């Protein structure tokens, strides 16, 4: 029987208040072990993962997340998932709510990525004439290749991994506060992995100088829409926009599949319906794990959770979202 809106609101409110009143769950970190045919390994939470968590749920911008703040946001999300207004959250509702949040982040990241094309264009346009000549384009590419080819063997491969830039934590020099990881990550010529993603077309794990040069020449020709032998800011931005939009489509598809995986993990009784209790119990476990001092407040200064066992052959989770985004269930 269809529940009335008033009944639904009461149902959601009661479930929320019940869980808000629960004490933080005890936290333990069992030692790695072997269980049957499953090899168990330790999963170590990172400071960046905590920063992502705080950025996602910090509603008042004070740089920390209270227990009530966290569950108020979770309750809001749960209401949005209830597409049929019957207190029955199915996978479509769960996925739709997540898609709305994901799309907002992707749109913001897209805007930032396209803004950066102006900076990159100016860096390649050495003579500052407002055009990128074929020579300027190739010089820029050769410089990038030489930098990544750290062992100078004329190939880019994992043997050049020492050329990977050392991760620098944002806010390290107090220039800016650490930020949440972007939802949209574009391959970059500033790393071995980025070079391989962009130029290893035959997927043999390496990119030769000749292969790299040929692909860049082809890219220049495609970008030079009016075939005048140089790239205008508009042509340069248009080509990059196409790549950004393809990456967004790929990211979105992968993340929505992960949402289905998360739904199944939360649906403990496997009835295809996510109850408020199941959803909030998952949230309680998540909050308690980050709240290591158990003061019902998650901040960057408190200790990270201890490593916990994780089965190697367990299904992929949102914690491994392929370096694109990390959004709580």
Quick check on my filter: what residues within the range 59-83 are without any contact (Cβ under 8 Å) to a residue 60 or more places away in the chain and under 27 Å from residue 253 (Cα atoms)?
73, 76, 77, 80, 83
Residue 114 passes all but one of the listed conditions (1) in a helix (DSSP H, G or I); (2) in contact with a helix residue (DSSP H, G or I) (Cβ under 8 Å, 6 or more places away or on another chain); (3) without any contact (Cβ under 8 Å) to a residue 24 or more places away in the chain; (4) surrounded by fewer than 18 Cβ atoms within 10 Å (Cβ to Cβ); the exception is number (3)
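Considering only the range 84-109, state which residues are outside any helix (DSSP H, G or I) and either under 19 Å from residue 288 (Cβ atoms) or at pLDDT 95 or above (or both).
Start the filter on the range 84-109 by keeping residues that are outside any helix (DSSP H, G or I), which leaves 84-90.
Of everything in the range 84-109, those that are outside any helix (DSSP H, G or I) and either under 19 Å from residue 288 (Cβ atoms) or at pLDDT 95 or above (or both) turn out to be 89, 90.
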Residue check for residue 271: farther than 20 Å from residue 71 by Cα and either over 21 Å from the mean Cα position of the chain (by Cα) or part of a loop (DSSP other than H, G, I, E, B) (or both):
yes
Residues being under 19 Å from residue 222 (Cα atoms) and touching a helix residue (DSSP H, G or I) at 6+ places or on another chain (Cβ under 7 Å) - total across the range 131-161:
7
Of the conditions (1) within 24 Å of residue 251 (Cα to Cα); (2) modelled with pLDDT of 95 or more, residue 124 fails just one. Which one is it?
(1)
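Please verify whether residue 285 is modelled with pLDDT of 95 or more, surrounded by fewer than 13 Cβ atoms within 10 Å (Cβ to Cβ) and within 30 Å of residue 80 (Cα to Cα), treating the condition exactly as stated. Break it down stepwise before answering.
Working: modelled with pLDDT of 95 or more: yes; surrounded by fewer than 13 Cβ atoms within 10 Å (Cβ to Cβ): yes; within 30 Å of residue 80 (Cα to Cα): yes.
In short, yes.
Taking the options 238, 280, name whichever one is over 18 Å from the mean Cα position of the chain (by Cα) and either at pLDDT below 95 or farther than 22 Å from residue 184 by Cβ (or both). First the steps, then the outcome.
On the way: 238 fails: either at pLDDT below 95 or farther than 22 Å from residue 184 by Cβ (or both).
Exactly one residue qualifies, and that residue is 280.
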For residue 50, all conditions in the list (1) assigned to a helix (DSSP H, G or I); (2) in contact with a helix residue (DSSP H, G or I) (Cβ under 7 Å, 6 or more places away or on another chain); (3) over 30 Å from residue 269 (Cβ atoms); (4) without any contact (Cβ under 8 Å) to a residue 24 or more places away in the chain hold save one; what is the number of the exception?
(4)
Go through the range 180-197 and count every residue that is outside any loop (DSSP other than H, G, I, E, B) and either at pLDDT below 90 or crowded, with 17+ Cβ neighbours inside 10 Å (or both).
4
Only unsatisfied item for residue 221, checking (1) surrounded by fewer than 14 Cβ atoms within 10 Å (Cβ to Cβ); (2) modelled with pLDDT of 95 or more; (3) outside any helix (DSSP H, G or I), is (3)
The one condition in (1) over 29 Å from residue 183 (Cα atoms); (2) without any contact (Cβ under 8 Å) to a residue 24 or more places away in the chain; (3) surrounded by 19 or more Cβ atoms within 10 Å (Cβ to Cβ) that residue 132 fails to fulfil:
(2)
Could you list, in sequence order, all residues of the range 188-222 that are under 24 Å from residue 252 (Cα atoms) and either in contact (Cβ under 8 Å) with a residue 60 or more places away in the chain or touching a strand residue (DSSP E or B) at 6+ places or on another chain (Cβ under 6 Å) (or both)?
195, 199, 200
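The values are calculated or read from the model by the stated rules, or taken from the named source; none is laboratory data. Since we're looking at a predicted model, the values are computed, not measured. Cβ sites come from the backbone with ideal geometry, for glycine too, and all protein chains shown count toward neighbours.
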